[in-house]
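A short worksheet on the structure shown next.
The values are calculated or read from the model by the stated rules, or taken from the named source; none is laboratory data. What you see is a predicted model; the values in this text were computed from it and never measured. Cβ sites come from the backbone with ideal geometry, for glycine too, and all protein chains shown count toward neighbours.
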């Protein structure tokens, strides 16, 4: 899907249109950032790569470190979808799907490091200090945290896979996507990151 197109429509209007169709049983599910097996965006891969390569320090933009973005492990999201479409109580309702509580990005990545046994440190820096290959074209001041209490309270939803196990399964799946640590591109990226870290020390 073209990026510009994705920014030029309003999902809320689509939801309202569907909810107003007479005699149409509708359940609307708002999905989080879905991670795990099959994630084509590989949300954790850049950080996982550095953890596997035993980089002592990972750089993270300050805005991103403090950013709230609700996530959901793919099997947990699938379980929530299955519950909603098989329970008549969900008809005519709108549910947010995702984790019960949303941390900022820094502790999320720190937890990833703990699961894989990485002993390094994540340092947040200003955008102008971050190398181009680590920058993301996003507005960190707009948080994307959602309240998922409705599906839990009304339908009794509980994640079948705990967060630590979800991260472990994600790490196992991503192993085949890791780059060779001796690749020219990765060596150059690490060289640039080391120069920035030297300037900061």
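Quick notes on this structure:
- Among (1) over 28 Å from residue 123 (Cβ atoms); (2) assigned to a helix (DSSP H, G or I); (3) in contact (Cβ under 8 Å) with a residue 40 or more places away in the chain, the one test that residue 37 misses: (2)
- Residue in the stretch 101-108 that is out of contact with any helix residue (DSSP H, G or I) (no Cβ under 9 Å at 6 or more places or on another chain), surrounded by 19 or more Cβ atoms within 10 Å (Cβ to Cβ) and free of Cβ contacts under 8 Å to residues at least 40 places away in the same chain present: yes
- Test result for residue 182, at pLDDT below 95, under 22 Å from residue 58 (Cα atoms) and in a loop (DSSP other than H, G, I, E, B): yes
- Residue in the stretch 13-25 that is surrounded by fewer than 16 Cβ atoms within 10 Å (Cβ to Cβ), touching a residue at least 60 places away in the same chain (Cβ under 8 Å) and in contact with a strand residue (DSSP E or B) (Cβ under 8 Å, 6 or more places away or on another chain) present: yes
- Residues satisfying the stated conditions in the stretch 49-90, i.e. farther than 21 Å from residue 154 by Cα and in a helix (DSSP H, G or I): 49, 50, 51, 52, 62, 63, 64, 65, 74
- Screening the stretch 123-148 for residues that are touching a residue at least 24 places away in the same chain (Cβ under 8 Å) and in a helix (DSSP H, G or I) and picking the one that is nearest to residue 113 (Cα to Cα) gives 134.
- For the stretch 157-164, the condition of being in contact with a helix residue (DSSP H, G or I) (Cβ under 7 Å, 6 or more places away or on another chain), over 20 Å from residue 97 (Cβ atoms), at pLDDT 95 or above and surrounded by 15 or more Cβ atoms within 10 Å (Cβ to Cβ) holds for none of the residues.
- In the stretch 149-166, of all residues being part of a helix (DSSP H, G or I) and without any contact (Cβ under 8 Å) to a residue 60 or more places away in the chain, the one that is nearest to residue 83 (Cα to Cα) corresponds to 152.
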